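Asks: Okay, here's the structure, questions in a sec.
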Amino acid sequence: MASTSGAVILTSDPSDAVAASTPARWARAQLEDALRVRGIRTAQDPRPAPSAPLRIVFCAFESESARGASAQSGLAMPEAAETLALVPLPDGSLVAAGRDIRGLVYATLELADRVKTAVGDPLDALRPIAPIVQQPANPIRGIARLFVSDVEDLPWFTDRDFWRAYLTELMTQRFNRIHLAFGIGHDFLRNVIDAYFLFAYPFLVDVPGYHVRARGLSEVDRERNLEMLRFASDEAAARGLHFQLGIWTQAYEWVDSPRANYVIDGLTPENHAVYCRDAVCAVLQACPSIAGVTFRVHGESGVPEGNYDFWREVFRGVSSCGRRVELDLHPKGVGPEMIDVGLETGLPVTLSPKFTAEHMGLPGHQVAIRELERSGDRNRESDAFVAQLMNQSGADLRYTRYGNADFLREDRRYGLFYRMWPGTQRLLLWGDAALAAGYGRSGSFGGALGIEFCEPLSFKGRRGSGLPGGREAYADDLLRADGGADWQKFRFTYRMLGRLLYDPDEDRAVLRRAFAAEFGAAAAEPVEVALSNASRILPLVTSAYHPSAANNRYWPEMYTNLPIVSEQRSHPYRDTPTPRRFGTASPLDPGLFLGVQEFVHEVTQDRRSGRISPVRVARTLDGLTENAARALDAARGSVADRNAAGFRRFEIDVSILTGLGTFFAAKLRAGVAYALWQATNDLARLRQALEQYHAARAAWLRVIEHGRAYRTDVTVGGEPWLRGNWSDRLDAIDADLADMQAVWDQAQGTPDVPAASPLDDLDPARHSLAIYHVPSTRIMRGEPLEVALVLGSGMDQIEAMVHYRHVNQAESYRVEPLRRISPECLGTTIPADYTDSPFPLQYFFVAHRGAETWHLPDLDADLANQPYWLTRTVHQP
């Protein structure tokens, strides 16, 4: 036996099935590799070695070693799946344990990550170590990887090294699910150019008994595709990662698409459903490590809504594959009938509604959805082709399109998790621990199972817009991540989201160590502060100003201007209130935020709702940009190498984000001032609008300057608002500014018009209230719910209302005044007949004192909290 002197001893009991599993042994190999790269030898020996610098024991919670560690440390080992523990023992050894295989993998990879990110001696990162026991807040913590371009996506799809490294990163950051989505790049199959994997089956399998082909695809390429799908799913399983296959399109005919690179032959309406049934079964049998299938089951799949017989047939293909596979339904337009079709299979069924429309808003689920979705014109779709496909989600089930809808019944027989769509930020770095922790807490809202995030760069090259040269789209190849692996640019994003979905209370030092490893210990804190503040900008903009819920229309990261002045100016925003101008656009969450026109109406009527005004949003954006810019300056002065590619990427993206924050803050102020001029004919407000719009334009010029680091044509679609560069958006801003100048000239404005009072005076920062509420998190269904506010000192003049509804986004809020129960308490009762419902309850308060109004609970300073309370209802047995 080789000498173990000076080596780190890695050991486990051979009889421990968890420690002996393939994923656990793979994770241990990752730790060995990390130690070897840092010059540290390892040895496998169950016996104590006095000269060894460290002995690590890998085991399951049920093992003797874990039970001993629990007894010696006093730490309980929770029953929850995927729980991990790292426990030092008095003899200097370390126990790495898990409740199950995945828990042990996470514990082992945590050690490997500490070694990789250690700034000094890596053994110092492993000893002494404080005892750690962590369990997941969300059973589902997923990443969706979207295949939408043969040019940009085939290279990574067919790269085995990519899959090995990427799947390892996901497990290291405590994700437990990878969703490979095919056919997601199109909503309606018109003007198709790039059809690779659009109708996925014939790109993977030749189904006996059918003669279905993707015209132009060779047999060699089809077999390679299936082999790569098998490889990727096997590699995921070998790491303990759930592999989900997404088949988002079932249609096989492209409409008005003479330039399509692939056309499907051999299908007719008569054999369509049975082919899809047999094809999905063949794929699942050929790839035994696929653990679940996601289907888009509304009209954008190419199958008209309400065609339950088609889906019943397809689902038979899943249920007959020979193993138990999760059936996940993307549920826009889904009612009870469609859900029942899934449940008929006997398979585990999940629904995966959108978290905040097709964008990344703030973590708290919307207080309310946009009125266009909740009670808009049910028959407003004028396109007959679209209307026949979307006959439910475009009509009576319109409210199911962009949120949790009515899916959170307490008596549901399906699981539910949220999918975070990528419309807000695709290109630029993102990494904020506060918002990531907020998503981690909101993932279980209403008893949900968690969140699946679409990966950064999602939809890159969509709809035939793919370009060679790397998905990151840098003009300078020296800025590309190591080895051209696009995901490596976003390592901080994956770290924040994965670890804080797992444990929202994760020690921030654990997150910061990656910044120290890349930029140096001195720069770690300012880099973190700069990126955190910059990362809050676009989610806030998304929640407060939302001219379209569609990710292929509204892209705030590379924003196409919606005019303040004239609705006749061209823009892509169809699903926004008329007249379609900046001031009339709705917030994504109109229950929490005010649109520009709404705010001006409240100002002129001197009646306040307590919702967050555009002026307050602008002030918050100012604070975020100032904090980020100040920290960026500090990072420049403390980083080890300012010219390193990683720091340059960080510096460029934070600079663009702060420029966008300044732009949106100034444009919101310009919109408010212009609407005030319209309401009052006060020329001082029109002058103020011009000044603020010029400030917005100046900020956009700074964005353009930093944006030169990217190519002149960054593509996430073929339409002009989904491609190009920030410089392409300037003409629309200038045209709108010219229209405003023309209004000023026509109104005979002159330089001697006095300055208007600051817009901040219309909604000044308010003092926090000494008001307290203790929520009831659970009540029995059909029991009244008492709600009360306890008033602190000086609050005796407060009056308040409670706004409440079921957790059903189709419903309106009920509003009841609180009565004075005592000098220190206001309260009321939500009646028993209202709580006698299959839905939980959500509620908030609006408090008044004179002209001051507050929404309770307000947004916290970090923007990460839920701005209402939730009460679950427990059903009587």
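The values are calculated or read from the model by the stated rules, or taken from the named source; none is laboratory data. Computed from a predicted structure; not experimentally measured. Cβ coordinates were reconstructed from backbone atoms using ideal geometry, including for glycine residues, and neighbour counts include every protein chain displayed. The protein model used for the area step is the full one, side chains on, heavy atoms only, and it has no ligands, DNA or RNA in it. Shrake-Rupley method; radii C 1.70, N 1.55, O 1.52, S 1.80 Å.
Asks: Output yes when any residue across segment 347-357 is farther than 22 Å from Arg805 by Cα and without any contact (Cβ under 8 Å) to a residue 60 or more places away in the chain, and no when none is.
Replies: Yes.
Asks: Of the numbered conditions (1) closer than 22 Å to Tyr545 by Cβ; (2) in contact with a Phe, Trp or Tyr (Cβ under 6 Å, 6 or more places away or on another chain), Arg426 fails exactly one; give the number of that condition.
Replies: Evaluating Arg426 over (1) closer than 22 Å to Tyr545 by Cβ; (2) in contact with a Phe, Trp or Tyr (Cβ under 6 Å, 6 or more places away or on another chain) leaves (2) as the failure.
Asks: Determine if segment 760-781 includes at least one residue that is surrounded by 18 or more Cβ atoms within 10 Å (Cβ to Cβ), within 28 Å of the chain's Cα centre (by Cα) and either of a type outside the set (A, V, I, L, M) or assigned to a loop (DSSP other than H, G, I, E, B) (or both).
Replies: No: zero hits.
Asks: Another question, if that's okay. What tally of residues in segment 568-580 results from selecting those that are farther than 17 Å from Arg729 by Cβ and not β-branched (Val, Ile, Thr)?
Replies: Within segment 568-580, the first condition is being farther than 17 Å from Arg729 by Cβ, and the residues that meet it are 568, 574-580.
Still in the list and also not β-branched (Val, Ile, Thr): 568, 574-575, 577, 579-580.
Qualifying residue count, segment 568-580: 6.
Asks: Still on this structure: What about Phe197, is it within 17 Å of Ser465 (Cβ to Cβ) and free of Cβ contacts under 8 Å to residues at least 60 places away in the same chain?
Replies: On the way: within 17 Å of Ser465 (Cβ to Cβ): yes; free of Cβ contacts under 8 Å to residues at least 60 places away in the same chain: yes.
When the stated conditions are applied, Phe197 passes them.
Asks: Here are some residues: Tyr414, Tyr418. Which one is aromatic (Phe, Trp, Tyr), within 30 Å of Arg778 (Cα to Cα), surrounded by fewer than 21 Cβ atoms within 10 Å (Cβ to Cβ) and in contact with a strand residue (DSSP E or B) (Cβ under 7 Å, 6 or more places away or on another chain)? Lay out the reasoning, then the answer.
Replies: Details: Tyr418 fails: surrounded by fewer than 21 Cβ atoms within 10 Å (Cβ to Cβ).
Of the residues listed, the single one that is aromatic (Phe, Trp, Tyr), within 30 Å of Arg778 (Cα to Cα), surrounded by fewer than 21 Cβ atoms within 10 Å (Cβ to Cβ) and in contact with a strand residue (DSSP E or B) (Cβ under 7 Å, 6 or more places away or on another chain) is Tyr414.
Asks: Quick check on my filter: what residues within segment 113-153 are outside any helix (DSSP H, G or I) and hydroxyl-bearing (Ser, Thr, Tyr)? Walk me through it before giving the result.
Replies: At the first step, the residues of segment 113-153 found to be outside any helix (DSSP H, G or I) are 118-121, 126-149.
Once the filter is applied, which keeps residues that are outside any helix (DSSP H, G or I) and hydroxyl-bearing (Ser, Thr, Tyr), segment 113-153 yields only Ser149.
Asks: Sort out which residues of segment 787-799 are in contact with a strand residue (DSSP E or B) (Cβ under 9 Å, 6 or more places away or on another chain), in a loop (DSSP other than H, G, I, E, B) and surrounded by fewer than 16 Cβ atoms within 10 Å (Cβ to Cβ), and write them in order of number. If you could, list the steps in order and put the result at the bottom.
Replies: We begin by selecting, within segment 787-799, every residue in contact with a strand residue (DSSP E or B) (Cβ under 9 Å, 6 or more places away or on another chain); these are 787-792, 795, 797-799.
Those left that are additionally in a loop (DSSP other than H, G, I, E, B): 792, 795, 797-798.
Gly792, Gln797, listed by residue number.
Asks: Of all residues in segment 818-857, how many are acidic (Asp, Glu) and either touching a residue at least 60 places away in the same chain (Cβ under 8 Å) or touching a helix residue (DSSP H, G or I) at 6+ places or on another chain (Cβ under 7 Å) (or both)? Explain how you work it out, then say what you get.
Replies: Of the residues in segment 818-857, the ones acidic (Asp, Glu) are 824, 833, 836, 852.
So of that shortlist, the ones also either touching a residue at least 60 places away in the same chain (Cβ under 8 Å) or touching a helix residue (DSSP H, G or I) at 6+ places or on another chain (Cβ under 7 Å) (or both) come out as 852.
Of the residues in segment 818-857, 1 are acidic (Asp, Glu) and either touching a residue at least 60 places away in the same chain (Cβ under 8 Å) or touching a helix residue (DSSP H, G or I) at 6+ places or on another chain (Cβ under 7 Å) (or both).
Asks: In addition: Does Ile564 satisfy the criteria of being among the aliphatic types (A, V, I, L, M), at pLDDT 95 or above and in contact with a strand residue (DSSP E or B) (Cβ under 6 Å, 6 or more places away or on another chain)?
Replies: Values: among the aliphatic types (A, V, I, L, M): yes; at pLDDT 95 or above: yes; in contact with a strand residue (DSSP E or B) (Cβ under 6 Å, 6 or more places away or on another chain): no.
Answer is no for this residue.
Asks: Right, something else. Residue check: is Arg553 touching a Leu at 6+ places or on another chain (Cβ under 6 Å) and open to solvent by 20 Å² or more (accessible area, probe 1.4 Å)?
Replies: Values: touching a Leu at 6+ places or on another chain (Cβ under 6 Å): no; open to solvent by 20 Å² or more (accessible area, probe 1.4 Å): yes.
No: the conditions fail for Arg553.
Asks: Still on this structure, I have one more. Determine the pairs where a residue that is over 13 Å from Thr715 (Cα atoms), located within segment 468-480, has a partner that is open to solvent by 60 Å² or more (accessible area, probe 1.4 Å) and of a type in the set (D, E, K, R) with Cβ atoms under 9 Å apart, the partner being 6 or more residues away or on another chain.
Replies: Sorted first by the residue in segment 468-480, then by its partner, the pairs are Ala475/Arg708; Asp476/Arg648; Leu478/Arg648; Leu479/Arg648.
Asks: Scanning segment 480-525 for residues that are out of contact with any Lys or Arg (no Cβ under 7 Å at 6 or more places or on another chain), in a loop (DSSP other than H, G, I, E, B) and under 15 Å from Gly438 (Cα atoms), which turns out modelled with the lowest pLDDT?
Replies: Asp507
Asks: Turning to a different aspect of this structure: In segment 222-263, which residue that is within 22 Å of Ser465 (Cα to Cα) and of a type in the set (Asp, Glu) is most open to solvent (accessible area, probe 1.4 Å)?
Replies: Filtering segment 222-263 for residues that are within 22 Å of Ser465 (Cα to Cα) and of a type in the set (Asp, Glu), the one most open to solvent (accessible area, probe 1.4 Å) comes out as Glu253.
Asks: What are the pairs with Cβ atoms under 6 angstrom where one residue, in segment 209-231, is closer than 20 Å to Asn261 by Cβ and in a helix (DSSP H, G or I) and the other, located anywhere, is among the β-branched types (Val, Ile, Thr) and modelled with pLDDT of 95 or more? Sequence gap at least six, or different chains.
Replies: Correct list of pairs: Met228/Thr158.
Yes/no per residue for (1) surrounded by fewer than 19 Cβ atoms within 10 Å (Cβ to Cβ); (2) farther than 26 Å from Leu632 by Cα:
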{"position": "Tyr439", "(1), (2)": "no, no"}
{"position": "Gly446", "(1), (2)": "no, yes"}
{"position": "Asp477", "(1), (2)": "yes, no"}
{"position": "Arg508", "(1), (2)": "yes, no"}
{"position": "Arg512", "(1), (2)": "yes, no"}
{"position": "Leu540", "(1), (2)": "no, no"}
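Asks: On to the next question. Identify, please: which residue in segment 600-656 is farther than 22 Å from Pro587 by Cβ and in a loop (DSSP other than H, G, I, E, B) and is, among those, least open to solvent (accessible area, probe 1.4 Å)?
Replies: Within segment 600-656, the first condition is being farther than 22 Å from Pro587 by Cβ, and the residues that meet it are 626-656.
Keeping just the survivors that are in a loop (DSSP other than H, G, I, E, B) gives 639-644.
Numbers: Val639: 20, Ala640: 94, Asp641: 77, Arg642: 112, Asn643: 126, Ala644: 36 Å².
By that ranking, first place goes to Val639.
Asks: Ok, one more. What pairs can you find where one residue is in segment 115-142 and among the β-branched types (Val, Ile, Thr), the other is modelled with pLDDT under 90, and their Cβ atoms are less than 6 Å apart, with a gap of 6+ or different chains?
Replies: Between residues of segment 115-142 that are among the β-branched types (Val, Ile, Thr) and residues that are modelled with pLDDT under 90, the close pairs are Val133/Leu75.
Asks: For segment 98-106, state whether one or more residues are open to solvent by less than 10 Å² (accessible area, probe 1.4 Å) and farther than 20 Å from Thr11 by Cα.
Replies: Filtering segment 98-106 down to residues open to solvent by less than 10 Å² (accessible area, probe 1.4 Å) leaves 98, 103-106.
Now restrict to residues that are farther than 20 Å from Thr11 by Cα: none.
There is no residue in segment 98-106 that is open to solvent by less than 10 Å² (accessible area, probe 1.4 Å) and farther than 20 Å from Thr11 by Cα.
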